[in-house]
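> The structure is given below, and queries will be raised subsequently.
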């Protein structure tokens, strides 16, 4: 595709519900990143994939957060038993190689009520 | 802790003037500093990267400086236009992985 695509664009979840956020990176991009952005803050790193390998998950805030990229293309960020503090915009970014510019998607705005 | 700080107050300037945004870092020396633009409801868009051994980098109306003595990067937009109004994010990295962002500075350019 022309850019990084994320879906859904908006998600409202009841507290305790599980959610899955999808990221379609730019075709052929090796690196994929997930970031979390709270209102009025900069994005915060969650996790990084190189192809299907999750090389860094140091930013995942708890074991309720899980990310996968099984075929080295589409990635899913799953949040189990959502809490109100999980409300944020979740941004996905991809890059062609390790040391090249990252392109961000529009994000998924998650609201936990 | 390894912080990266930007002025959280909005910067208001008039069209045609030069906008200057500041990014300060403490307790470390990043290999790279990157600047991004973010519009409401959109993801960040990469603008410029400057390496620690570079003092200045330019791209069209944009200029970034990197002062390792002051531990500071300045981002300039010359001949600013209302379309330049956005939030500008500074980020540090050791490569293009695991960016650590500042909180961003909102720029408002008035006609």
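No value in this document is a laboratory result; all are computed from the given coordinates. Just so it is clear, the model here is predicted, and its values are computed rather than measured. Ideal geometry is used to build each Cβ from the backbone, glycine not excepted, and the neighbour counts take in all protein chains shown.
> What percent do you get for the relative contact order of region B:43-111 when only Cα pairs under 8 Å and 6+ apart count? Please list the in-between numbers first.
On the way: 92 pairs, mean separation 14.9, N = 69.
About 22 percent, as a whole number.
> Give the order of B:49, A:110 when sorted by the count of other beta carbons within 10 angstrom, beginning with the fewest. Present the calculation step by step, with values, prior to reporting the outcome.
Details: B:49 16, A:110 21.
Final ranking by Cβ density, sparse to dense: B:49, A:110.
> Restricting to chain A, compute how many DSSP beta bridges are antiparallel as a %, nearest 5. Spell out each step's value before the answer.
Details: 33 of 37 bridges.
Around 90 percent of the beta bridges assigned by DSSP in chain A are antiparallel ones.
> Over the whole of B:32-43, what's the average partner chain Cβ count within 10 Å per residue? Rounded to a whole number, please. Display every interim value, and only then the final one.
Values: counts 1, 0, 2, 0, 4, 0, 6, 0, 0, 5, 5, 16.
Going residue by residue through B:32-43 and averaging, the value is 3.
> Sort out for me the Cα centre separation of region A:15-40 from region B:1-47, rounded to whole Å.
One Cα centre to the other: 23 Å.
> Another question, if that's okay. With the contact rule set at Cα under 8 Å and sequence spacing of 6 or more, what percent relative contact order holds for chain A?
Details: 296 pairs, mean separation 41.4, N = 113.
It rounds to 37 percent for chain A.
> When B:54, A:85 are ordered from fewest to most other Cβ atoms inside 10 Å of their Cβ, what list results?
On the way: B:54 13, A:85 10.
Fewest-to-most Cβ neighbours within 10 Å comes out as A:85, B:54.
> Ignore the peptide's own chain and count Cβ atoms of other chains within 10 Å of each Cβ in A:28-37; give me the average, rounded.
Numbers: counts 0, 0, 0, 2, 0, 4, 0, 5, 0, 6.
Taking the mean over all residues of the peptide, I get 2.
> Considering every residue in A:39-46, what mean count of other chain Cβ atoms within 10 Å of its Cβ is obtained?
Details: counts 0, 5, 5, 15, 10, 3, 7, 1.
Across A:39-46, the average partner-chain Cβ count within 10 Å equals 6.
> Using alpha-carbon positions, what is the distance between the centroids of region A:53-113 and region B:55-97, in Å?
Region A:53-113 and region B:55-97 have Cα centres spaced 26 Å from each other.
> Modelled label-to-label distance, residue B:54 and residue A:58, 7 Å Cα→beta-carbon offset: nm?
2.5 nm
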